[in-house]
Amino acid sequence: MKRYNLLIVLLLLIFNLTTAQKNAPAADFSAIGEAKTKIENTVPLAIKHLKEISEKENDPNILSNGKVALSKEYAKVELEWRLYRGNMNSCILNNSSKKARKCMDYHTSMFRGTLINYNNYITNLTRKNGYLGVEGDTKFELNPIEITTKLSQSYSNGSSAANRMKGSQKKEFLGQTMADDNALTPYNQLATQ
């Protein structure tokens, strides 16, 4: 009789493990690459707009001053992007799942605020009665709420996956978010495109 009980317990354990694996959210960090691309794409578009306005107004100061101001705004986003990814990893590695969720929500809201400020800057730069007072038709695909929501979901799924891993495997798994491929391209490289 004990043999059958042991067999049933083993079968239940195997069944629970396989369903837990199937029902677990996939840890897909592709949202990081998408967000990176959307942020980086704003720089060449804004510079193109500044060039058009500079030529239209026949004032080279618009382009030079605009590039300096844009580089400062982009630098803020670049710094916050690096901090955000590092902080999200720390939240997952160093906290229980409940504390990790609160920690991740906090850092996501901070990054969302930075992105909203950057979005407002580039929107006002290209709007009539904005900073330059001239109309432009430059459209940006930068939606801070959408970007941060996708990032938050991605990290939440990553946290669930990381909780099923052991020490070094967990660090290696989360380390992919801090890879050089996921760092924002420096402004100087984007400005020359």
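Condition check ((1) touching a Pro at 6+ places or on another chain (Cβ under 7 Å); (2) modelled with pLDDT under 85) across all residues:
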{"residue": "Ile122", "(1), (2)": "no, no"}
{"residue": "Thr138", "(1), (2)": "no, yes"}
{"residue": "Lys150", "(1), (2)": "no, no"}
{"residue": "Asn157", "(1), (2)": "yes, no"}
{"residue": "Met165", "(1), (2)": "no, yes"}
{"residue": "Lys170", "(1), (2)": "no, yes"}
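Whether a residue is assigned to a helix (DSSP H, G or I) and either touching a Gly at 6+ places or on another chain (Cβ under 9 Å) or open to solvent by less than 60 Å² (accessible area, probe 1.4 Å) (or both) was assessed, and Ser168 does not pass this test.
Within region 92-108, is there a residue that is surrounded by 18 or more Cβ atoms within 10 Å (Cβ to Cβ) and touching a residue at least 60 places away in the same chain (Cβ under 8 Å)? The answer is yes, given that some residue of region 92-108 is surrounded by 18 or more Cβ atoms within 10 Å (Cβ to Cβ) and touching a residue at least 60 places away in the same chain (Cβ under 8 Å).
Pairs linking a residue in region 32-61 that is without any contact (Cβ under 8 Å) to a residue 12 or more places away in the chain to a residue that is assigned to a helix (DSSP H, G or I), with Cβ atoms under 7 Å and 6 or more positions apart or on different chains, are Pro60/Ser54. Restricting attention to region 49-62 and to residues that are surrounded by fewer than 18 Cβ atoms within 10 Å (Cβ to Cβ) and not acidic (Asp, Glu), the residue that is nearest to the chain's Cα centre (by Cα) turns out to be Lys51. No other residue among Leu11, Leu63, Leu45 is more than 18 Å from Tyr187 (Cα to Cα) and either aromatic (Phe, Trp, Tyr) or at pLDDT below 90 (or both) apart from Leu11. Quick one: is Ala24 open to solvent by less than 50 Å² (accessible area, probe 1.4 Å) and at pLDDT below 85? Here the answer is yes, as Ala24 does meet what is asked.
Every condition in (1) more than 18 Å from Ser156 (Cβ to Cβ); (2) modelled with pLDDT under 90 is met by Ala75 except one, and the failing one is (2).
Of everything in region 156-181, what is in contact with a Phe, Trp or Tyr (Cβ under 8 Å, 6 or more places away or on another chain) and within 16 Å of Phe111 (Cα to Cα)? Give them in sequence order. Please lay out each step first, then the result.
Here is the first cut: in region 156-181, the ones in contact with a Phe, Trp or Tyr (Cβ under 8 Å, 6 or more places away or on another chain) are 158, 161-162, 165, 176-177.
The one that is in contact with a Phe, Trp or Tyr (Cβ under 8 Å, 6 or more places away or on another chain) and within 16 Å of Phe111 (Cα to Cα): Thr177.
The values are calculated or read from the model by the stated rules, or taken from the named source; none is laboratory data. Just so it is clear, the structure is predicted and the values come from calculations on it, not from any experiment. We place every Cβ from the backbone using ideal geometry, glycine too, and count neighbours over all the protein chains shown. When the accessible area is computed, the model is the full protein with side chains, heavy atoms only, and any ligands, DNA or RNA have been set aside. Shrake-Rupley method; radii C 1.70, N 1.55, O 1.52, S 1.80 Å.
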